[in-house]
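Here the structure comes first, spelled out in structure tokens, and everything after it is commentary.
The values are calculated or read from the model by the stated rules, or taken from the named source; none is laboratory data. Since we're looking at a predicted model, the values are computed, not measured. Cβ atoms come from the backbone with ideal geometry, glycine included; neighbour counts cover every protein chain shown.
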Amino acid sequence: MFSKNREPVTAILSGAGLRGREVYGRYALKHPDRLRFVAVADPDPARRLLFQKEHSIPDTMAFESWDVLMDRSRGRIADAAFVCTRDSMHYRPAAGALELGYDVVLEKPISPDLQECRQITRTAGEAGRFVQVCHVLRYTGFWKKVKEIVDSGRIGRIIHYDHSENVSYWHFGHSYVRGHYRNKSASSPLILAKACHDLDLMFWIFGEKPLTVQSAGELSFFHPGNAPPGAPERCTDGCPAAETCPWFAPRLYITAEPLLSIGLHAPSRLIRLFSRIALNHRSFLKILSRFDKRLDGILNWDRFPATVISSDLSVEGKMKALGEGPFGRCIFKCGNDVADHQVSTFTFPGGATGTLTVHGVSDLEGREIRIFGTKGTLRGYFRYNGEQITVTDLRFSRTDTVYQAGLSMGGHGGGDFGLMDSFVGSMRGAKTPNTGHTDVAGAMESHYMAFAAEDARVTHKKINMQEYR
Ligand SMILES: NC(=O)c1ccc[n+]([C@@H]2O[C@H](COP(=O)([O-])OP(=O)(O)OC[C@H]3O[C@@H](n4cnc5c(N)ncnc54)[C@H](O)[C@@H]3O)[C@@H](O)[C@H]2O)c1
């Protein structure tokens, strides 16, 4: 499939942001024999230019918007179109690309509007084009192993499936309170934006569509009622709670606190010790950095989430962004309206149940599952500090560790590149749609589950999924 002699799949990109540039762009740079971008659209001139430079795209193939790209290029100029714009801007570029005859890589969610999701699925079917929805977790070693064990019958029939998506306090604060996904109307409800991957996994692992859903949860913490006494509108305006608040913005964006908080849970004792010192004794770190320049990156963090707040990653540049932009606001005064925790319970044919918990106050980012079967119990964690799956046999009470992997700081535990490998493989195969992975028709179920769970949460009603579909 990846013979060096084959021509790479060619692609156009709409949205050279975190996903477009830093994930799919990086894949193309690492595997030029598999994927090559030939045109880019992004209204942000700095992002556009950076992508152009990295991929040697001429000015004539760089545009300020996806619609200009599709207009000016007059017809299909590559094999595939990547749609990596924000949630509410997925439908039109994806529909436009399908009309021009492109196969499409579409970031999740398909759309925050259920009718648009249905329409894209129909259009793809009518056009006979393949739409790869980026449910990246299915392509990881961890989740493939879970699926393999369940399908093998080793734990028997599933009676209950319990899945937690523990979003770390800093990530939730960054994305779902201060950032782009804080309002339902501008992006999507939490369960769609954050947990549609988890719902896709539940559906995939059960191998059946759910029958009903009930859901509870609300925005109970990140609102003005919980602001510390005397807290100003912005962290940069002299907050009296600066020392004790976990969401004090300069600490999150200037120092490497997100990284170091993961380091506190690292398997290596040395990394744990270093993280504790770096978090609590910054002046000592400053002295050490005179002898080892690598420590500068800890004193002034230059990766996610800092890259989102400003393109000027100097301390001054970031402080300016915090003083003026959305990411410096007091975490309790952000005008956010998405839930900060939610529990959804699904029933499946045969009486099995599945619960999904998603919340934003975890110390550590990651997912945890327990699957209770009639022959055994599967337990697993898929976290930034490592991955593990164990299976316990009910009759002999024997526990085997069947999967282990080390620290994975990004790339969704290998899922981002795994999805790309799968996409390139599909494009090089018979080019028929619906190759069985997360094509748009298959991804519809996770979206039905998310929309129905959100409706159930808001209306406090049990929803019949068959009627809902
Ligand atoms: N699959 C996953 O696991 C995963 C993870 C994170 C985000 N996402 C999804 O990926 C999508 C993109 O997220 P992101 O974090 O990369 O966002 P981002 O804001 O970093 O990137 C979006 C880019 O789109 C550009 N853009 C805006 N208007 C445009 C237009 N008219 N034409 C072309 N480009 C335009 C913006 O300038 C920006 O550079 C979102 O829908 C998000 O939900 C998926």
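Odds and ends about this structure:
- Only a single criterion out of (1) within 12 Å of the ligand (Cβ to nearest atom); (2) at pLDDT 95 or above is not satisfied by SER187, namely (2).
- Among the residues here, LYS318 does not qualify as more than 25 Å from ASN166 (Cα to Cα) and out of contact with any helix residue (DSSP H, G or I) (no Cβ under 9 Å at 6 or more places or on another chain).
- Residue match in the stretch 352-371 (condition: at positive phi and either touching a Cys at 6+ places or on another chain (Cβ under 8 Å) or assigned by TED's automatic domain parsing to the domain that holds SER168 (or both)): yes
- Residues of the stretch 26-55 satisfying the condition of being touching a His at 6+ places or on another chain (Cβ under 7 Å) and within 15 Å of the ligand (Cβ to nearest atom): PHE37
- Every residue from the stretch 436-469 that is within 26 Å of ASN183 (Cβ to Cβ), hydrophobic (A, V, I, L, M, F, W, C) and assigned to a helix (DSSP H, G or I): VAL440, ALA443, MET444, MET449, ALA450, PHE451, ALA452, ALA453, ALA456, VAL458
- The set of residues in the stretch 423-469 that are small (Gly, Ala, Ser), at pLDDT below 90 and in contact with a Phe, Trp or Tyr (Cβ under 9 Å, 6 or more places away or on another chain) comprises GLY425, SER426, GLY442.
To keep it simple, each residue is scored yes or no on (1) surrounded by fewer than 18 Cβ atoms within 10 Å (Cβ to Cβ); (2) part of a helix (DSSP H, G or I).
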{"residue": "MET202", "(1), (2)": "no, yes"}
{"residue": "SER215", "(1), (2)": "no, no"}
{"residue": "SER220", "(1), (2)": "yes, no"}
{"residue": "ALA231", "(1), (2)": "no, no"}
{"residue": "GLU243", "(1), (2)": "yes, no"}
{"residue": "LEU252", "(1), (2)": "no, yes"}
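- If you filter the stretch 63-97 down to residues that are under 20 Å from PRO32 (Cβ atoms) and away from the ligand (no atom under 11 Å from the Cβ), you find that the one that is farthest from the chain's Cα centre (by Cα) is ILE77.
- Cβ-Cβ distances below 7 Å connect the following pairs, each with a first residue in the stretch 63-82 that is under 17 Å from GLY20 (Cα atoms) and modelled with pLDDT of 95 or more, a second residue that is part of a loop (DSSP other than H, G, I, E, B) and within 12 Å of the ligand (Cβ to nearest atom), and a separation of six or more residues or different chains: GLU64/PRO43; SER65/PRO43; TRP66/THR85.
- Taken together, ILE159, ILE155, ILE191 contain a single residue that is touching a helix residue (DSSP H, G or I) at 6+ places or on another chain (Cβ under 9 Å) and either assigned by TED's automatic domain parsing to the domain that holds GLU257 or in a helix (DSSP H, G or I) (or both), which is ILE191.
- Which numbered condition ARG303 fails, given (1) among the basic types (Lys, Arg); (2) in a helix (DSSP H, G or I); (3) surrounded by fewer than 17 Cβ atoms within 10 Å (Cβ to Cβ): (2)
- Identity of the residue in the stretch 220-241, among the small types (Gly, Ala, Ser) and touching a Cys at 6+ places or on another chain (Cβ under 7 Å), that ends up farthest from ASP340 (Cα to Cα): ALA231
- Among the residues of the stretch 382-397, those that are crowded, with 19+ Cβ neighbours inside 10 Å and either in a strand (DSSP E or B) or modelled with pLDDT of 95 or more (or both) comprise PHE382, ARG383, GLU387, ILE389, VAL391.
- Sole residue being part of a helix (DSSP H, G or I) and within 14 Å of the ligand (Cβ to nearest atom), chosen from ILE120, ILE110: ILE120
- Residue in the stretch 130-148 that is touching a residue at least 24 places away in the same chain (Cβ under 8 Å), in a helix (DSSP H, G or I) and β-branched (Val, Ile, Thr) present: yes
- Scanning the stretch 120-157 for residues that are farther than 11 Å from TRP204 by Cβ and of a type in the set (Asp, Glu) returns GLU126, GLU148.
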